[in-house]
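Here is the structure we will look at.
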Amino acid sequence: MADRFFPNEMPDFVEETDGVATQSNLHNLLSLPYPKVADKFLRAALDLKEKVVKETWVRNRQNINDYTLYTGALGTAFLLFKAYLVTSNRSDLKLCGEIVKACDSASKGLPFVTFISGRAGVHALGAVVAKHSGDEAMLNYYMKSFNEIRMPDKVPNEMLYGRAGYLWACSFLNKNLGDETIPSTLTGAVVKEIIKDGRRLANKGTCPLMYEWHGKKYWGAAHGLAGIMHALMDMKLRPEEEENVKGTFHHMIQNRFPSGNYPSSEGSDADRLVHWCHGAPGVALTLTRAYQVFQEERFLRAAVEAAEVVWNRGLLKRVGICHGISGNTYVFLSLYRITGNVEFLYRAKAFACFLLDKGNQLIAEGRMHSGDRPFSLFEGQAGMAYLFLDMVNPSESRFPAYEL
């Protein structure tokens with residue numbers, strides 16, 4: 001199992017000083033006052049952003065083979081939009097809009113309906129970028145295109161390719177353009193189908209809701225319970241639907257591994273994966289949200305316990321957001337955001353500083369995998385750049401395309 005992650009040899013806590021030289025560069029970074037390390041994160045993020053744009057946009061001569069946010073050009077656009085939000089650089093916003101337009105053309109006629117892997121992401125991001133750009137015509141175009149999305153007859157319920165991913169796109173629009181931009185009458189019909197499918201597959205089992213993707217009853221954020229529940233919590237739910245969601249969390253907590261990690265699927269006894277997509281990190285992010293929504297202390301305690309798994313086993317030998325150190329860092333950022341506990345901020349700082357100090361060298365040496373698409377948002381170095389931007393103002397951090 002240890003071949004999946006680097007041993008975490010960083011101190012449990014380092015007091016901030018003036019950055020006086022100590023035994024290692026990493027320790028120096030950990031001891032820097034936060035404004036100073038934040039400046040280092042910002043400079044590294046902007047340098048890496050330029051590299052991502054060069055590799056995914058300029059080098060491809062603006063031809064798009066993969067338009068998705070997960071591994072394609074829309075991920076580069078999302079990174080540029082994040083950079084604009086942090087720095088107010090209008091050039092980033094302009095280039096973001098150009099890439100979204102190209103993604104719109106490349107995705108025409110395709111049936112995928114989610115934010116991360118479908119046209120819903122293209123239209124939703126396009127509309128928000130158009131609003132920030134003051135382009136009313138493009139805003140209307142993207143909203144018209146989004147409203148023309150039709151759910152296929154056979155569609156899964158999960159986040160990457162299914163109904164939950166569509167709901168997240170609706171929530172993204174409502175947050176950024178105003179409540180009821182996508183009316184609850186529309187989202188409510190999708191929620192109803194998700195709940196109905198979940199109850200049917202649960203079929204009086206110990207978990208109120210259950211779902212399958214490719215024949216497995218997944219628990220994680222990408223394809224399973226954590227991601228579906230996450231999307232549902234931003235919807236208007238009936239009291240009995242709320243109880244189903246809470247009961248699903250209770251089932252997951254009761255049936256986690258003794259280590260505090262979570263199975264990748266119902267009944268699995270393989271305590272191996274510590275990723276956003278499968279395992280404690282994605283579940284922890286969802287449980288922090290559950291605590292905010294339902295105010296049950298049990299959810300917060302479980303999230304903190306999952307975060308301990310991430311601290312011990314989450315320095316993965318991968319860089320990305322989906323199944324790498326960058327994504328795992330957001331567990332600590334999320335807990336810091338809702339608790340104000342500086343120990344969680346320190347742990348986020350530690351993981352991010354590990355990448356800042358050692359990431360490029362470990363990738364060059366082949367000891368850290370930068371993804372099959374090495375400059376993509378969810379697999380590669382664009383995810384690391386996005387994390388560094390979020391480290392500049394951690395109170396405003398959000399796991400991309402998951403936390404609102």
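Throughout, read-outs are computed from the coordinates displayed, never taken from laboratory work. What you see is a predicted model, and the numbers here were worked out from it, not measured in a lab. So basically every Cβ, Gly included, is an ideal-geometry build from the backbone, and we count neighbours across all protein chains shown.
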Checklist entry - Using only the Cα atoms, what convex hull volume per residue in Å³ does segment 23-182 have? => result 143
Checklist entry - What GluC sites (Glu not before Pro) does segment 72-159 have in DSSP loop regions with at most 11 other beta carbons within 10 Å? => result 148
Checklist entry - Over segment 283-348, what is the relative contact order in whole percent, taking alpha-carbon pairs under 8 Å and six or more residues apart? => result 26
Checklist outcome for this item: Counting only residues 5 or more apart in sequence or on a different chain, those whose built amide H sits under 5 Å from that of residue 318 are 325, 369
Checklist entry - Based on the Cβ-Cβ distance from residue 16 to residue 43, what FRET efficiency comes out when R0 is 25 Å, to the nearest 0.05? => result 0.85
Item to check | segment 207-223 residues near the modelled residue 270 label - backbone nitrogen below 17 Å, point 7 Å along Cα→Cβ | outcome: 213-223
Checklist entry - Which loop-located trypsin sites (Lys or Arg not before Pro) does segment 1-87 contain, where loop means any DSSP state but H, G, I, E or B and the Cβ has at most 16 other Cβ atoms within 10 Å? => result 59, 61
Next on the checklist: Multiplying the sequence separation of residue 398 and residue 34 by 0.36 nm and subtracting their Cα-Cα distance, what value in nm do you get?
Outcome noted: 129.2 nm
Item to check | Using distinct alpha-carbon pairs, which all enter the 1/r mean, Kirkwood radius of segment 116-200 in Å | outcome: 13.2
Next on the checklist: Under the 0.36 nm per residue contour assumption, what length would be gained going from the current alpha-carbon distance of residue 65 and residue 301 to full extension?
Outcome noted: 80.6 nm
Checklist entry - Nearest 20 debye, what's the magnitude of the dipole of the chain about its Cα centre given +1 on Lys and Arg Cβ and -1 on Asp and Glu Cβ? => result 820
Checklist outcome for this item: Per DSSP, the loop-located chymotrypsin sites (Phe, Trp or Tyr not before Pro) within segment 1-95 having at most 11 other beta carbons within 10 Å are 13
Item to check | Estimated FRET transfer efficiency when R0 is 41 angstrom, pair residue 136-residue 317 (beta carbons, to 0.05) | outcome: 0.30
Checklist outcome for this item: Here the gain from full extension of residue 196 to residue 236, 0.36 nm per residue of separation minus their alpha-carbon distance, amounts to 12.9 nm
Item to check | Listed peptides 254-266, 161-173 by packing density, highest first (mean Cβ within 10 Å) | outcome: 161-173, 254-266
Checklist entry - Are any of the pairs 192/246; 82/236; 196/236; 54/131; 101/154 more than 20 Å apart by Cα-Cα distance, and if so, which? => result 82/236; 54/131; 101/154
Checklist entry - Once segment 29-114 is represented by equal point scatterers at the alpha-carbon sites, with solvent omitted, what log10 I(q)/I(0) does the Debye formula produce at q = 0.10, 0.14, 0.16, 0.22 Å⁻¹? => result -0.30, -0.54, -0.66, -1.02
Checklist outcome for this item: Share of Cα-Cα pairs in segment 246-324 beyond 22 Å, whole percent, is 18
Next on the checklist: Just to be sure I follow: if Rg is taken over the C-alpha atoms of the chain and Rh is the Kirkwood radius over the same atoms, what is Rg/Rh?
Outcome noted: 0.95
Checklist entry - From the phi of every residue in segment 49-60, what ³J(HN,Hα) in whole Hz does the Karplus formula 6.51 cos²θ - 1.76 cosθ + 1.60 yield, where θ is phi - 60° and glycine or proline is x? => result 4, 4, 5, 4, 4, 4, 6, 9, 10, 5, 5, 7
Checklist entry - With r defined as the distance between the Cβ atoms of residue 204 and residue 184 and R0 fixed at 25 Å, what FRET efficiency is calculated, to the nearest 0.05? => result 0.25
Checklist entry - Do you know the relative contact order of the chain, to the nearest whole percent, from alpha carbon pairs under 8 angstrom that are 6+ apart? => result 18
